Amino acid sequence: MTERIAFLGIGLMGAPMARNLLQAGFPLAAWNRDSVKAAALKSAGAVSAATPADASRDADIVITMLANGPAVEAVMFGDQGAVTTLRPDALVIDMSSSPPAMARDHAKRLAGRGYLDAPVSGGTIGAAEARLAIMAGGDPASFARAKRLFAALGHATLVGPIGSGQLAKLANQAIVAITIGAVAEALLLAAAGGADPAAVREAIMGGFAESRVLKVHGKRMILRDFTPGGPADHQVKDCETIVATAKASGLTLPFAEQALAMFRGLVAHGGARLDHSALLLELERMNGKKLGPGPETLPA
C-alpha cells in the first residue's frame, strides 16, 4: 500500500521535492503559509490543505520542509498544528534544518509516534533532479519505513539516533560555508594578480581543490549570478547553530566562527536573500576589488 503524505512547506526546496513524490505515485496533501504555492501543485495531483492540521488528518507520513526549527515547532505544535490531527501510527519526518536538541525535543513531544530528523543537502538543483543527500537520525524501523519515499528524493543514509541527522547537516553546512569563503578568496586572489579567474577555476577542477562548491558556486561567482538556491540568511542561521552546538559540546571552531562573521556582514549589507555564493560580494566590499566586470544577476 502506498502511504499518504502530508507535505508542509512548499518553498524553494519543498516544491520540487513534493513534485517528485507525486511523480513517484504518493498521494500528497500540500500546505504552505502562502496558499498559492500549495495550490500550484494541484495540477500535479496534490490536494491543497488550508491548515497543517487539515493536511495531516489522513496522512501516514508527515514531512516538514520549513525555514528553521521555530517554524517547524509552530507548524507542528501551534494553533491548527499538524499534531492536533496526527494519527497514532503516523511517521513524522522533519527535513528542515533545525538544532539537534530541538529535533530530540520534538520527537519526545510526539508521544511515541515514529520520527526521523532528515535534513538534506543538494540545493534546489538536487531537489529538482531527485538527487538530494538525505541525512537521517532515528530508529532503523522508521528509516526502513521511509526508504521508498527517500528513494524518490535522492540518497538517504541513517547516521545515528534522533538528532544525528541534524548534526550531519551541521557538518555539511560547516564544510559548505567555509568552502564558499575559500573559493571566493581563491578566485579573487587569482583575479587581483592578473590571472583569468574562470580559467583558474577550470585548471584546478581536477586537483585536490575540486569540490561541488568550486564547480557550482565558483561558476556562480564567475557569472555573478546570485539568484538564490540557498539564501545567505539561511546560511547565517545554520552557521549560528553550528557555533552554538559546538560551544555546547565544549568545542571552539574558528573557521566556522569566521564564516559566520562573513555571512553576517553580507546580510548586513543587503545580501540576505542572495544566494550564499554572494559571499564574494562581501569579500569584494572589504577589499575594494571585483572578481570581474559586469552586473550581478539578482533575485527580483
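Is there a residue in region 12-26 that is among the basic types (K, R), out of contact with any His (no Cβ under 7 Å at 6 or more places or on another chain), buried (at least 18 other Cβ atoms within 10 Å of the Cβ) and under 21 Å from D60 (Cβ atoms)?
The answer is yes; a qualifying residue exists.
From the list K290, K247, pick out the single residue that is of a type in the set (D, E, K, R), within 24 Å of the chain's Cα centre (by Cα) and either in a helix (DSSP H, G or I) or surrounded by 14 or more Cβ atoms within 10 Å (Cβ to Cβ) (or both).
Within the list K290, K247, the selection yields K247.
Out of the residues in region 57-70 that are surrounded by fewer than 22 Cβ atoms within 10 Å (Cβ to Cβ) and at pLDDT below 95, which is farthest from E240 (Cα to Cα)?
D58
Would you say L214 is at pLDDT below 95, over 17 Å from the mean Cα position of the chain (by Cα) and surrounded by 14 or more Cβ atoms within 10 Å (Cβ to Cβ)?
no
Go through the residues of region 44-59 one by one and say whether even a single one is more than 26 Å from P100 (Cα to Cα) and in a helix (DSSP H, G or I).
Yes, because at least one residue in region 44-59 is more than 26 Å from P100 (Cα to Cα) and in a helix (DSSP H, G or I).
Kindly indicate whether T252 is more than 25 Å from S96 (Cβ to Cβ), free of Cβ contacts under 8 Å to residues at least 40 places away in the same chain and not assigned by TED's automatic domain parsing to the domain that holds P100.
Answer is yes for this residue.
When the residues of region 60-80 are filtered to those that are touching a strand residue (DSSP E or B) at 6+ places or on another chain (Cβ under 8 Å) and in a loop (DSSP other than H, G, I, E, B), which remaining residue is farthest from G9 (Cα to Cα)?
So, considering only residues that are touching a strand residue (DSSP E or B) at 6+ places or on another chain (Cβ under 8 Å) and in a loop (DSSP other than H, G, I, E, B), the one farthest from G9 (Cα to Cα) is D60.
Select from region 81-108 the residues that are out of contact with any Lys or Arg (no Cβ under 8 Å at 6 or more places or on another chain), of a type in the set (V, I, T) and part of a helix (DSSP H, G or I) and list them in ascending order.
T84, the sole residue that qualifies.
Which is among the aromatic types (F, W, Y), part of a helix (DSSP H, G or I), crowded, with 17+ Cβ neighbours inside 10 Å and in contact with a helix residue (DSSP H, G or I) (Cβ under 7 Å, 6 or more places away or on another chain), of F255, F263?
Testing whether each residue is among the aromatic types (F, W, Y), part of a helix (DSSP H, G or I), crowded, with 17+ Cβ neighbours inside 10 Å and in contact with a helix residue (DSSP H, G or I) (Cβ under 7 Å, 6 or more places away or on another chain) leaves just F263.
Going through region 28-37 one residue at a time, which ones are in contact (Cβ under 8 Å) with a residue 24 or more places away in the chain and part of a helix (DSSP H, G or I)?
Residue satisfying the conditions is K37 alone.
Quick check, is K237 modelled with pLDDT under 95, in a helix (DSSP H, G or I) and not acidic (D, E)?
yes
Among the residues in region 171-186, are any part of a helix (DSSP H, G or I), modelled with pLDDT of 95 or more and over 22 Å from G122 (Cα atoms)?
Yes, there is a match, as at least one residue in region 171-186 is part of a helix (DSSP H, G or I), modelled with pLDDT of 95 or more and over 22 Å from G122 (Cα atoms).
Let's see how each residue does on (1) in contact (Cβ under 8 Å) with a residue 24 or more places away in the chain; (2) touching a Pro at 6+ places or on another chain (Cβ under 7 Å); (3) over 17 Å from P99 (Cβ atoms):
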| site | (1), (2), (3) |
| --- | --- |
| Q166 | yes, yes, no |
| N172 | yes, no, no |
| E210 | no, no, yes |
| L223 | yes, no, yes |
| Q235 | yes, no, no |
| Q258 | yes, no, yes |
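Only one of (1) assigned by TED's automatic domain parsing to the domain that holds K215; (2) crowded, with 21+ Cβ neighbours inside 10 Å fails for A156. Which number is that?
(1)
Which residue, of A50, A40, is in contact with a Phe, Trp or Tyr (Cβ under 9 Å, 6 or more places away or on another chain) and either in contact (Cβ under 8 Å) with a residue 12 or more places away in the chain or among the acidic types (D, E) (or both)?
Going through A50, A40 in turn, the sole match is A50.
In region 187-226, what count of residues is obtained for those that are part of a helix (DSSP H, G or I) and either closer than 14 Å to L291 by Cβ or among the aliphatic types (A, V, I, L, M) (or both)?
Selection size over region 187-226: 23.
Please specify each residue of region 109-149 satisfying the condition of being in a strand (DSSP E or B) and within 21 Å of the chain's Cα centre (by Cα).
Hits for region 109-149 are Y115, L116, D117, V120, S121, L132, A133, I134, M135, A136, G137.
The values are calculated or read from the model by the stated rules, or taken from the named source; none is laboratory data. Since we're looking at a predicted model, the values are computed, not measured. Backbone-built Cβ (ideal geometry, glycine too); neighbour counts: all protein chains shown.
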